[in-house]
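Taking it in order: structure first as structure tokens, then the write-up.
The values are calculated or read from the model by the stated rules, or taken from the named source; none is laboratory data. Worth saying up front: this structure is predicted, and the values here are computed from it rather than measured. Note that each Cβ is placed from the backbone with ideal geometry, even for glycine, and that neighbours are counted across all protein chains shown.
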Amino acid sequence: MNIKIPIYQPSFDGNEKKYVNDCLDSSWISSKGKYISLFEKKFGEFIGINHSTTVSNGTVALHLALVTLGVGDGDEVIVPSFTYIASVSTIVITGAKPVFVDSLKESWQMDPADVKRKITPKTKAIMAVHIYGHPCEMNELQKIAKENSVFLIEDCAEAFGSRYNNKHVGTFGDISTFSFYGNKTITTGEGGMVVTNDETLHDRAYHLKMHGLAKYRQYWHDVIGFNYRMTNICAAIGLAQLENAKEKIERKRELRNWYEEVFAGTPIKTHHEVGNVFHSYWMYTILVDNPEIREDLRNHLSNNGIETRPSFYPVHTMPMFAQKFQKLPVAEYLGWCGINLPSWPGLSKKQVYEIAELITKYLLK
């Protein structure tokens, strides 16, 4: 495919080069250096959380959050099936069992009623995944977690900047994670963050990510830990990205408005805000009626130089989990019929209109 409009590309329109060059000039390029603590501090201030610790990517952020809570053999973690595989694979890596729940038809987020049904004496945690930037029903999920004395984890990989009842996602759970992969709203290339308001959990997460290094004795390790550290260079990029975060989020909301202008009055289903939420629109996504139409439309867009990608396939249907047959109809519909459209801040109104008009003409012909 000759790509004219990619699905995503990062924007570096701030102090990224300046800060990276400062790292190079100082020779602090690995996991020590001033940008680590600066990025952690400013990130915590941005979302309104007490403790933040950087990690090397969003997947290890999830794994670190799980092991920090003590999730392991014999435990169950409730997770939406309609999510990226990392939300589930990290549960399996701890030795725990993922328990899949369906999604809400309107918001596409995990269904609290199904969460209630899936609670058992083995449930250790609920993992709320804010898919594509729309917040989950956090009031309901907090209530369920509290009533059943289980932990609440927020996977905010796709939802930096999103808010529920005027509070940033990531501030509702016992512990929460973010991703800064190259296609995220702010990026460090590869990177992630683990955040919490609980000082003990923060200390545990930091201890584990640093190879279990004892606090008061050099090169003495008192637990088996991990090397999940972020580099100073990545943190420098992240700090520069964070400085322009509000503008990036506003730009994504503007892209949403442009798409909606063309789709208005058509039967095309879009991912809209439900409730008192602020959707950061990490990926602007539409739904078609069936999988065959989706592939035909994606091929049509590809032939016109426009890159798209399918929405996440429901994890419960993947080979390693499909031995236990179960039906999660909303997750399956979202997984088979969704299309992510180009969603990067540098897109022009003309380009968005071109994409949306190609879609409407094709679907309404």
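Out of the residues in region 229-278 that are within 20 Å of GLY170 (Cα to Cα) and of a type in the set (S, T, N, Q), state the one that is surrounded by the fewest Cβ atoms within 10 Å (Cβ to Cβ).
Result: ASN276.
Pairs only if they're at least six apart or on different chains, beta carbon under 8 angstrom, first in region 174-190 and within 24 Å of HIS202 (Cβ to Cβ) and assigned by TED's automatic domain parsing to the domain that holds SER52, second in a strand (DSSP E or B) and polar (S, T, N, Q); list them, first residue then second.
Short answer, once both residue conditions are applied: ASP174/THR196; ILE175/THR196; SER176/THR196.
Scan region 266-275 and tell me whether some residue there is more than 26 Å from ILE78 (Cα to Cα) and of a type in the set (S, T, N, Q).
Start the filter on region 266-275 by keeping residues that are more than 26 Å from ILE78 (Cα to Cα), which leaves 266-270.
Narrowing further to those that are of a type in the set (S, T, N, Q): 266, 270.
Yes: one or more hits.
What are the residues in region 300-341 that are part of a helix (DSSP H, G or I), of a type in the set (Gly, Ala, Ser) and closer than 23 Å to ALA113 by Cβ, if any?
Restricting attention to region 300-341, the residues satisfying the condition of being part of a helix (DSSP H, G or I) are 300-303, 315-317, 329-337.
Checking which are of a type in the set (Gly, Ala, Ser) leaves us with 302, 331, 335.
Matches in region 300-341: ALA331, GLY335.
In region 347-365, how many residues are surrounded by 14 or more Cβ atoms within 10 Å (Cβ to Cβ) and either in contact with a strand residue (DSSP E or B) (Cβ under 6 Å, 6 or more places away or on another chain) or not hydrophobic (A, V, I, L, M, F, W, C) (or both)?
First pass over region 347-365, keeping only residues surrounded by 14 or more Cβ atoms within 10 Å (Cβ to Cβ): 347, 351-356, 358-360, 362-363.
Among the residues that remain, those that are also either in contact with a strand residue (DSSP E or B) (Cβ under 6 Å, 6 or more places away or on another chain) or not hydrophobic (A, V, I, L, M, F, W, C) (or both) are: 351, 353-355, 360, 362.
The total comes to 6.
Residues in region 146-163 that are under 13 Å from TYR281 (Cα atoms) and not in a loop (DSSP other than H, G, I, E, B): how many? Lay out the reasoning, then the answer.
Initially, region 146-163 is screened for residues under 13 Å from TYR281 (Cα atoms), giving 156-163.
Within this subset, residues satisfying the condition of being not in a loop (DSSP other than H, G, I, E, B) are 163.
Final tally of qualifying residues: 1.
Could you please find all residues in region 22-68 being surrounded by fewer than 19 Cβ atoms within 10 Å (Cβ to Cβ), among the polar types (S, T, N, Q), within 23 Å of the chain's Cα centre (by Cα) and part of a helix (DSSP H, G or I)?
Once the filter is applied, which keeps residues that are surrounded by fewer than 19 Cβ atoms within 10 Å (Cβ to Cβ), among the polar types (S, T, N, Q), within 23 Å of the chain's Cα centre (by Cα) and part of a helix (DSSP H, G or I), region 22-68 yields only SER37.
List the pairs whose first member sits in region 1-21 and is loosely packed, with under 12 Cβ neighbours inside 10 Å, whose second member is of a type in the set (Val, Ile, Thr) and at pLDDT below 95, and whose Cβ atoms are under 6 Å apart, counting only residues at least 6 apart or on separate chains?
none
When you check SER89 against the structure, is it more than 25 Å from MET138 (Cβ to Cβ), surrounded by fewer than 21 Cβ atoms within 10 Å (Cβ to Cβ), among the hydroxyl-bearing types (Ser, Thr, Tyr) and assigned by TED's automatic domain parsing to the domain that holds ILE175, yes or no? Break it down stepwise before answering.
Numbers: more than 25 Å from MET138 (Cβ to Cβ): no; surrounded by fewer than 21 Cβ atoms within 10 Å (Cβ to Cβ): yes; among the hydroxyl-bearing types (Ser, Thr, Tyr): yes; assigned by TED's automatic domain parsing to the domain that holds ILE175: yes.
No; evaluated as a whole, the condition is false for this residue.
Does LYS124 qualify as being over 19 Å from the mean Cα position of the chain (by Cα) and in a strand (DSSP E or B)? Before the answer, list the steps.
Working: over 19 Å from the mean Cα position of the chain (by Cα): yes; in a strand (DSSP E or B): yes.
Against the criterion (over 19 Å from the mean Cα position of the chain (by Cα) and in a strand (DSSP E or B)), LYS124 qualifies.
Quickly run through region 219-270 and pick out the residues that are of a type in the set (Ser, Thr, Tyr), part of a loop (DSSP other than H, G, I, E, B) and free of Cβ contacts under 8 Å to residues at least 40 places away in the same chain. I'd like the intermediate steps shown before the answer.
In the first step, residues of region 219-270 are kept if they are of a type in the set (Ser, Thr, Tyr); the result is 219, 228, 231, 259, 266, 270.
Filter once more, so that each one left must be part of a loop (DSSP other than H, G, I, E, B): 219, 228, 231, 266.
Result: TYR219, single match.
If I go through region 156-187 residue by residue, how many of them are under 11 Å from the mean Cα position of the chain (by Cα) and surrounded by fewer than 24 Cβ atoms within 10 Å (Cβ to Cβ)?
So the answer is 3.
Modelled with pLDDT of 95 or more, in contact with a helix residue (DSSP H, G or I) (Cβ under 9 Å, 6 or more places away or on another chain) and more than 30 Å from GLY189 (Cβ to Cβ): does that describe LEU69?
Working: modelled with pLDDT of 95 or more: yes; in contact with a helix residue (DSSP H, G or I) (Cβ under 9 Å, 6 or more places away or on another chain): yes; more than 30 Å from GLY189 (Cβ to Cβ): no.
Taking the combined requirement at face value, the residue does not satisfy it.
Only one of LEU201, LEU297 is under 28 Å from ALA331 (Cβ atoms), touching a strand residue (DSSP E or B) at 6+ places or on another chain (Cβ under 7 Å) and outside any loop (DSSP other than H, G, I, E, B). Can you tell me which? Spell out the reasoning first.
On the way: LEU201 fails: under 28 Å from ALA331 (Cβ atoms).
After ruling out the rest, the residue left standing is LEU297.
From the residues in region 345-365 that are modelled with pLDDT of 95 or more and in a loop (DSSP other than H, G, I, E, B), which one is farthest from the chain's Cα centre (by Cα)?
SER348
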